[in-house]
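Peer 1: Take a look at this one; I'll ask things after.
The values are calculated or read from the model by the stated rules, or taken from the named source; none is laboratory data. None of these values were measured; they are calculated from a predicted model. With ideal geometry, Cβ positions are generated from the backbone for all residues, glycine too; neighbour counts draw on all protein chains shown. Keep in mind that these areas ignore ligands, DNA and RNA; they rest on the heavy atoms of the full protein, side chains included. Shrake-Rupley method; radii C 1.70, N 1.55, O 1.52, S 1.80 Å.
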Amino acid sequence: MKKYFLSAFVVCSATIFTSCNDMLDTDPRVTDATQATFPGKIGDVEALNTATYSIMNTMGGGDADTQNPFYWWEVMSDNCYGSGGLQDNKVKAMHHLVEMNVNQYEQAFVLLYGGINRANNQIETIDNVSWKGKEAKRNQLLGEGYFMRALYTLWLTQLFGDVPLITSTTITEEMKAEADAETQIYPQILSDLVSAKNLMGTEKSSGHANKYVAEAFIARAYMFWAGFYKKVGELATGSAPAIDLVEQEGCTETSLSQADVVSGLRDIVSSGAYKLLEDYRSLWQYSNSLLWKEAQDEEGHSYAFIKDMKEENCFDKPGMGNGNDEELFQIQFMNASRWGIGGDDTGGTYSTARMYCNYLSCWWGLRVNGNNGNRDFTYPFMQGWGQGTPSCNIWDDWTIAENNGGFSDIRKLGSLIDCNTEFGGKYSYVKDDCEESGYAVKKWCGVTLDALTGDTPWWHAVNEDFKGTLDNPMQGEHFEDFYLMRYADVLLMLTELTGDASFMNQVQKRAGVPETGYSLTEVQNQRRWEFAFEGLRFNDMRRWSGKGGGESCYAAKALQAQAGKQVVVKGNVASKVSMKHMTCSWAKRYADTDGFLSKPQSQITLMNGNLKQNAGWDAANPETQYVDLYN
């Protein structure tokens, strides 16, 4: 795990915002130094680069319901319910595709523009420094700036659709105008990714992008553009068009075709730089060797699910877990979090206090009540907020697939906790909770050991570096990488683009699933099972539906299938409740919005008419507004 420490200067100079109300107006260089004098040496450029990446930590380590788009996309999909406590209304609003207030989704909006501005600053000032004899390093850092600008812009437009396209730290009037995502923003995103691919090298560096990472994200961005905007529902048999590119450093190509995208993915495969791990469980912290050793011991607690693993495949062994041979790109975490609930230690607006820990481990942890607060009853999994509970739908759909195919997919129990079964009937439902399915997210749930005392994560037994930064280990001491691109995705994208099932077969084989020929349905299933709770499902659903797909499209029908599922509310196991949409139906809300969120009203006001609200989000329409179903 590579550790980064940011100087106060870097944090100030690279930030686009100081409050919600100056998203595009704040000069990011108003410090003692200016763009003319900073960066002054190579180390300064590296610091700017670190600051650009750190926005991902803020999103991944902050409150998940306010600023983590990867969590949002799972909650908005058919993989998760909103759930949580009666008071946890933000996550339930998100799941029902409505809003608690007109600025509910503002934090991610501002954070992503902050990341874009940091990347712009890095790109513009790269040649303040002399690179004589170190041109390759210069190009790598410039390429990373282009890559991160593309990534933040991709997430921004997937969340909010048409938004201002910001490609400079000097904001012109033209930039303040809302840009069309299909014809203006995606060409820039893909141009930035092509620049990144051509400028960066192939060396793997912990936590940083390289040429192969750019090639993989070219595929992800192009496939969303072709599927959602161009409505090419099946890429292997359809005719996705080429997209025109923007001329800039590193991008001399005039267009990008589906064949170019495939060529880039094949380049990753032929390089041999990445591979599937032998055991799917090696990707997740519950397979750590300390817990594995407890599983071999017949006395005390024993986590049977990992007992048959090879010790060398455990999460904390070389080539496994954090920094493993399968991950291309990820958010990394370290023990540098601080308390400051509701803001950072300098009094900032955003919840960055835990930004250096994987706060999803707490968010998706087991909701505490009675037995669930006693480690003896939930070993080896830890308590947390219990929001974003896995849906009955993902468990039921997965089980049907297993039964129909006559196989057992290790990814199901590798991704989900079946609480009633795994905890021997000792799992208790929380009295103030709602939309409880009886399942929990195993991939990200915090893990403890029998050898530890109290509510202490297993990381404490690994290294002194993982101890004592916060006075609440349950919340702040989780360090599992959050994967943004795995080699399994490269293989599945190749099958989806080409119809060649041999790539998908590798993923199926590892999971213990029979290898099949190509079909879009099989690709859709494999993507859902392989990447459950990794933030990909919702946008996959959208690109298989196409813009304006209506209530009969893939996404709308999958979301509507949640209606009628039986869930536990207020701990009342004996009298379950049928899931229903809080204002109309999931199909209608999806059709009305195409899966875009509402743009923050404060930013619409700030932009003085340049920023327009998305379709389906008229605040005067009661179908868009949160309704309390459970109090």
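Peer 1: Return the aspartates and glutamates within reach of K275: Cα separation strictly under 12 angstrom, same-chain partners fewer than 8 residues apart disregarded; answer none if there are no such residues.
Peer 2: Correct list for K275: D325, E326, E327, D489.
Peer 1: Nothing charged except the Cβ atoms of Lys and Arg (+1) and of Asp and Glu (-1): what's the magnitude of the dipole of the chain about its Cα centre? Round to the nearest 20 debye. Please report the intermediate quantities before stating the final value.
Peer 2: Values: 55 positive and 81 negative charges, 71 e Å.
Roughly 340 debye, rounded to the nearest 20.
Peer 1: Averaged per residue, what accessible surface does the range 62-207 expose to a 1.4 Å probe, in Å²?
Peer 2: With the other protein chains kept in place, the range 62-207 gives 26 Å² per residue.
Peer 1: Helix by helix, which DSSP H runs in the chain go 18 Å or more along their axis at the Cα atoms and have an average Kyte-Doolittle hydropathy of 1.0 or more?
Peer 2: none
Peer 1: Further, regarding this structure: Enter the mean projected area of the convex hull around the alpha-carbon atoms of the range 103-255, in nm², rounded to one decimal.
Peer 2: Mean projected area for the range 103-255: 10.4 nm², to one decimal.
Peer 1: If you average the sequence gap of Cα pairs under 8 Å that are 6 or more apart and divide by the length of the chain, what percent do you get for the contact order? The partial results should precede the final answer.
Peer 2: Working: 1277 pairs, mean separation 119.1, N = 631.
Dividing the mean separation by the residue count of the chain yields 19 percent.
Peer 1: Rounded to whole Å, give me the distance from the Cα center of the range 516-536 to that of the range 289-324.
Peer 2: Result: 27 Å between the Cα centres.
Peer 1: So, one more: Taking the Cβ of Y518 as the center, what net charge do the other residues with Cβ under 14 Å away carry, scoring Lys and Arg +1 and Asp and Glu -1?
Peer 2: -4
Peer 1: Moving to a separate point now. For E99, what residues show an amide H to amide H distance below 5 Å, using hydrogens built from the backbone and excluding near sequence neighbours?
Peer 2: Answer set, sorted by chain and number: Q625, Y626.
Peer 1: Another one. Using a 10 Å cut-off on Cβ atoms, rank the peptides 281-288, 496-503, 128-135 from the highest mean neighbour count down.
Peer 2: Final packing ranking: 281-288, 496-503, 128-135.
Peer 1: Any idea which of T237, L193, M223 is furthest toward the positive side of the dipole for the range 169-240, if Lys and Arg beta-carbons carry +1 and Asp and Glu beta-carbons -1?
Peer 2: T237
Peer 1: Can you tell which of V577, N608, N631 lies farthest toward the positive end of the dipole of the range 504-631, using +1 and -1 charges on the Cβ of basic and acidic side chains (Lys, Arg; Asp, Glu)?
Peer 2: Working it through, the farthest residue towards the positive pole turns out to be V577.
Peer 1: Suppose each label sits 7 Å from its Cα in the direction of the beta carbon; what would the S255-S168 distance come out to in nanometres?
Peer 2: Placing both labels 7 Å along Cα→Cβ, they lie 2.9 nm apart.
Peer 1: What residue among S519, F160, L492 has its Cα farthest toward the positive end of the dipole of the chain, where the charges are +1 on Lys, Arg and -1 on Asp, Glu, each on the Cβ?
Peer 2: Of the candidates, S519 comes out farthest on the positive side.
Peer 1: Leaving out ligands, DNA and RNA but keeping every protein chain, what accessible area does I116 have, in Å² rounded to the nearest 10, with a 1.4 Å probe?
Peer 2: For I116, the solvent-accessible surface is approximately 0 Å².
Peer 1: Would you mind calculating the gained length between E298 and N631 on full extension (0.36 nm times residue separation, minus the Cα-Cα distance), in nm to one decimal?
Peer 2: The span from E298 to N631 would gain 115.3 nm if fully extended.
Peer 1: Note down the nm distance, to one decimal, between modelled labels 7 Å out along Cα→Cβ at A619 and at I42.
Peer 2: Modelled inter-label distance: 5.1 nm.
Peer 1: Over the chain, with every protein chain in place, what whole percent of the accessible area is carbon and sulfur at 1.4 Å, could you tell me?
Peer 2: Carbon-and-sulfur percentage of accessible area, whole number: 48.
Peer 1: Let me ask you something else. Considering the values (1) 16, 43, 36, 5, 0; (2) 20, 57, 23, 0; (3) 18, 42, 25, 13, 2, which represents P(r) over Cα pairs in 20 Å bins from 0, in percent as calculated for the structure under consideration?
Peer 2: Recomputing P(r) over Cα pairs in 20 Å bins from 0, in percent here picks out (2).
Peer 1: Next up: What is the gain in length, in nm to one decimal, between S408 and S552 on full extension, counting 0.36 nm per residue of separation less the C-alpha to C-alpha distance?
Peer 2: The S408-S552 span can extend by a further 48.7 nm.
Peer 1: Do any of K230/K443; K231/K557; K197/K599 go past 25 Å between their Cα atoms, and which?
Peer 2: Over 25 Å Cα-Cα: K230/K443; K197/K599.
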